[in-house]
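First the structure, in the form of structure tokens, and then the observations on it.
The values are calculated or read from the model by the stated rules, or taken from the named source; none is laboratory data. Everything numeric here is computed off the predicted structure, so don't read it as measured data. Cβ placement follows ideal geometry from the backbone for every residue including glycine, while neighbour counts extend to all protein chains displayed.
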Amino acid sequence: MTAPLRIVSWNIDGLAKWLRGATRARAAAQTPAPRLDALHRLLGEPDVLLLQEVRLRPEDVSAVALMEQALPGYRCGYALCRDRINVKFRGGRAYGVTSYVREELEPRWLPAPDWEREGRMLVCELPQLGLAIANVYAVNGTSKPYYDPVTGQPQSDRHTWKRSFQTHMRDAFQTMRAGGRELVLVGDWNVSLTALDVHPRLRTEQPHALARAYFQDAFIAGLDVVDAYRALHDERKFTWFDRVAARRGRLDAARVDYALVSRSLLPRVIDADILQEYALQHGSDHAPLTLSLRI
């Protein structure tokens, strides 16, 4: 592969709506026709498509099969929620990530670590390119209790679990980097970095300030990764939009989705952008990210 590697990431806010439906011809043949191919074309047919918040369970066998087969010519990998203690909303249909990578790139999926049971991280190694691409849907901190997913014993709240999750990821990614892989960490991180990334204001009260400082100091600095979009642009663009505020004609928005790349990869970043106009109009409160890398 000599053309730039193009990556698109999107918190899609439910994948099932893109897997239902059929053309008349396929319906007549009783063959499901996933609509994810239409979304793929809409996004310019990227080489790597990373989707977060797919909201499928492992036991949703038919939907998972549709997801796996949705993009011919691509290999599909996924991490779905298997934590029945902490995740009961919608019968466990929450979180989850799926990644599509062109077959010619020969992706290799890394197994889910024991500490990751909510379907929040999937790592794909591309040995040809020396890259480890992580699809991340990070924990959103709340005061809701967090229980050990194996024993069911109370551990902390989800603010604390958010920081623990970041620590687990950092340690895993440090191991990959030590193994010679350049890092491309992309997805919904559920934290805003600066006042430039929010409207109307940056939340500076606790525990939000602690979460931000921990993410910047322990995770980003600890891995020596760079926010690709901010490295290239100083304009205000957002990736999350409050639906209620939007219906009332107000802007309540934040940039919480990032492409974080190894500092040594930064000279190979051709472009990074946010497709703000896609948010809300396609059924998600998030906008897609794009990242192009020189190979």
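Which of the residues belonging to region 183-211 are among the hydrophobic types (A, V, I, L, M, F, W, C) and closer than 30 Å to Leu5 by Cα?
Here is the first cut: in region 183-211, the residues among the hydrophobic types (A, V, I, L, M, F, W, C) are 183-186, 189, 191, 193, 195-196, 198, 202, 209-211.
Those that are among the hydrophobic types (A, V, I, L, M, F, W, C) and closer than 30 Å to Leu5 by Cα: Leu183, Val184, Leu185, Val186, Trp189, Val191, Leu193, Leu196, Val198.
So is Ser99 within 19 Å of Pro288 (Cα to Cα) and polar (S, T, N, Q) or not? Here the answer is yes, as Ser99 does meet what is asked.
Residue count for region 263-289 under the criterion of being closer than 28 Å to Ala221 by Cβ and surrounded by 20 or more Cβ atoms within 10 Å (Cβ to Cβ): the result is 7.
Checked against (1) touching a strand residue (DSSP E or B) at 6+ places or on another chain (Cβ under 7 Å); (2) without any contact (Cβ under 8 Å) to a residue 40 or more places away in the chain; (3) not β-branched (Val, Ile, Thr), Arg203 meets all criteria but (1). For region 203-253, a residue qualifies if it is in a strand (DSSP E or B), in contact with a Leu (Cβ under 9 Å, 6 or more places away or on another chain) and not β-branched (Val, Ile, Thr), and the qualifying residues are Asp227, Phe241. The number of residues in region 139-167 that are among the aliphatic types (A, V, I, L, M) and crowded, with 22+ Cβ neighbours inside 10 Å comes to 1.
How many residues, within region 116-126, are closer than 15 Å to Asp83 by Cα and either of a type in the set (A, V, I, L, M, F, W, C) or assigned to a strand (DSSP E or B) (or both)? Walk me through it before giving the result.
Of all residues in region 116-126, those closer than 15 Å to Asp83 by Cα come to 116-121.
Among the residues that remain, those that are also either of a type in the set (A, V, I, L, M, F, W, C) or assigned to a strand (DSSP E or B) (or both) are: 121.
The qualifying residues number 1.
Annotation note: Cβ proximity below 6 Å between a residue of region 281-292 that is within 15 Å of Asn135 (Cβ to Cβ) and a residue that is at pLDDT 95 or above and of a type in the set (Asp, Glu) (sequence gap 6+ or interchain) occurs for Leu289/Asp257; Thr290/Asp273.
I'd like to know if region 189-210 contains one or more residues that are surrounded by 13 or more Cβ atoms within 10 Å (Cβ to Cβ), under 25 Å from Pro111 (Cβ atoms) and of a type outside the set (Lys, Arg). Talk me through it step by step, then tell me what you get.
Taking region 189-210 as the starting set, the residues that turn out to be surrounded by 13 or more Cβ atoms within 10 Å (Cβ to Cβ) are 189-193, 196-199, 202-203, 207-208, 210.
Pick out the ones that are also under 25 Å from Pro111 (Cβ atoms) and you get 189-190.
Now narrow it down to the ones that are of a type outside the set (Lys, Arg): 189-190.
Within region 189-210, one or more residues are surrounded by 13 or more Cβ atoms within 10 Å (Cβ to Cβ), under 25 Å from Pro111 (Cβ atoms) and of a type outside the set (Lys, Arg).
Cβ-Cβ under 8 Å, sequence separation 6+ or interchain: first residue in region 126-143 and without any contact (Cβ under 8 Å) to a residue 60 or more places away in the chain and under 22 Å from Arg102 (Cβ atoms), partner among the basic types (Lys, Arg) and in a strand (DSSP E or B). Which pairs? So the pair list comes out as Leu126/Arg108; Pro127/Arg108.
This table checks each residue for (1) more than 16 Å from Leu50 (Cβ to Cβ); (2) of a type outside the set (Lys, Arg).
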{"position": "Ala246", "(1), (2)": "yes, yes"}
{"position": "Arg250", "(1), (2)": "yes, no"}
{"position": "Arg263", "(1), (2)": "yes, no"}
{"position": "His286", "(1), (2)": "no, yes"}
{"position": "Thr290", "(1), (2)": "no, yes"}
{"position": "Leu293", "(1), (2)": "no, yes"}
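For region 190-200, which positions are without any contact (Cβ under 8 Å) to a residue 12 or more places away in the chain and not in a loop (DSSP other than H, G, I, E, B)? Listed by number, the list holds a single entry, Ala195.
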